[in-house]
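One structure is given here, and the rest of the page talks about it.
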Amino acid sequence: MSRRLLNIFVIIHLFGFSMPTKAQQCPLVEPFQPVMVDKSQLPMVIQHSLDQSPISLVNLWAVWCSPCRKELPMLVTLEQSKMHNITINTLHVGQPTSEVAQVVADVGLQQLNKGFLSDMSPMSAMGVYGLPATLVAIKGEVKFIASGYLHHTAAEYKQWLVCLEESL
């Protein structure tokens, strides 16, 4: 075996090497970051939302959260772009109230809002402590989390989600 080839094997063994998956080749859109999450630690309402299609986006929001309310129209636009095999859902954090129902109606969130999460404590295990927070799952497994306002356009997020879907 040549010395050069031996050096390559040593480097691979010492530092590890893996070819990027097709999903990793999709340009990441901020503020999303790759994560590894044990889905069984998530509340059932989130698990159910993540299992609805090959690619699922679940946004956690609250009526009192200004950045949350600011990004809701973009999520509605994203959902209306009719992406194949991609589901967009929202979950309100806190008890459903008449004010929540009014925001859902005003923004046109009826199709997206899949219920509520009583509080954020289950999310702290993943390092998510505030709102808004958004999870993206591939085949039911959370692969990306965004903590904070989704400041890009629906078209930019759509492009990324479609890339993830095409990588399956």
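The values are calculated or read from the model by the stated rules, or taken from the named source; none is laboratory data. Not measured: the values here are computed from a predicted model. Reconstructed Cβ throughout: ideal geometry from the backbone, glycine too, with neighbour counts over all protein chains shown. These accessible areas exclude ligands, DNA and RNA; they are computed on the full protein's heavy atoms, side chains included. Shrake-Rupley method; radii C 1.70, N 1.55, O 1.52, S 1.80 Å.
What to note about this one:
- Only one of the numbered conditions (1) among the charged types (D, E, K, R); (2) surrounded by 12 or more Cβ atoms within 10 Å (Cβ to Cβ); (3) at pLDDT below 90 is violated by R3, and that is (2).
- Scan of region 23-68 for residues that are in contact with a helix residue (DSSP H, G or I) (Cβ under 8 Å, 6 or more places away or on another chain) and part of a loop (DSSP other than H, G, I, E, B), ordered by number: C26, P27, L28, V29, V35, V37, L42, P43, P54, A62, V63
- Cβ-Cβ under 7 Å pairs, at least 6 apart or on other chains, region 77-103 side closer than 20 Å to E141 by Cβ, far side open to solvent by less than 10 Å² (accessible area, probe 1.4 Å) and among the β-branched types (V, I, T): N85/I55; I86/I55; N89/V58; L91/I46; L91/V58
- Residue selected from region 115-135 under the condition open to solvent by less than 40 Å² (accessible area, probe 1.4 Å) and not in a loop (DSSP other than H, G, I, E, B), by the criterion farthest from Q47 (Cα to Cα): A133
- Leading residue by the ranking (surrounded by the fewest Cβ atoms within 10 Å (Cβ to Cβ)) among those in region 82-94 that are of a type outside the set (V, I, T) and modelled with pLDDT of 95 or more: G94
- Test: residue in region 125-139 that is more than 18 Å from the chain's Cα centre (by Cα), more than 24 Å from L161 (Cα to Cα) and aliphatic (A, V, I, L, M): no
- Residue within region 148-168 that is β-branched (V, I, T) and either closer than 20 Å to H92 by Cβ or in contact with a helix residue (DSSP H, G or I) (Cβ under 6 Å, 6 or more places away or on another chain) (or both) present: no
- If only residues of region 142-168 that are of a type in the set (S, T, Y) and farther than 26 Å from S40 by Cβ are counted, the one that is nearest to the chain's Cα centre (by Cα) is Y157.
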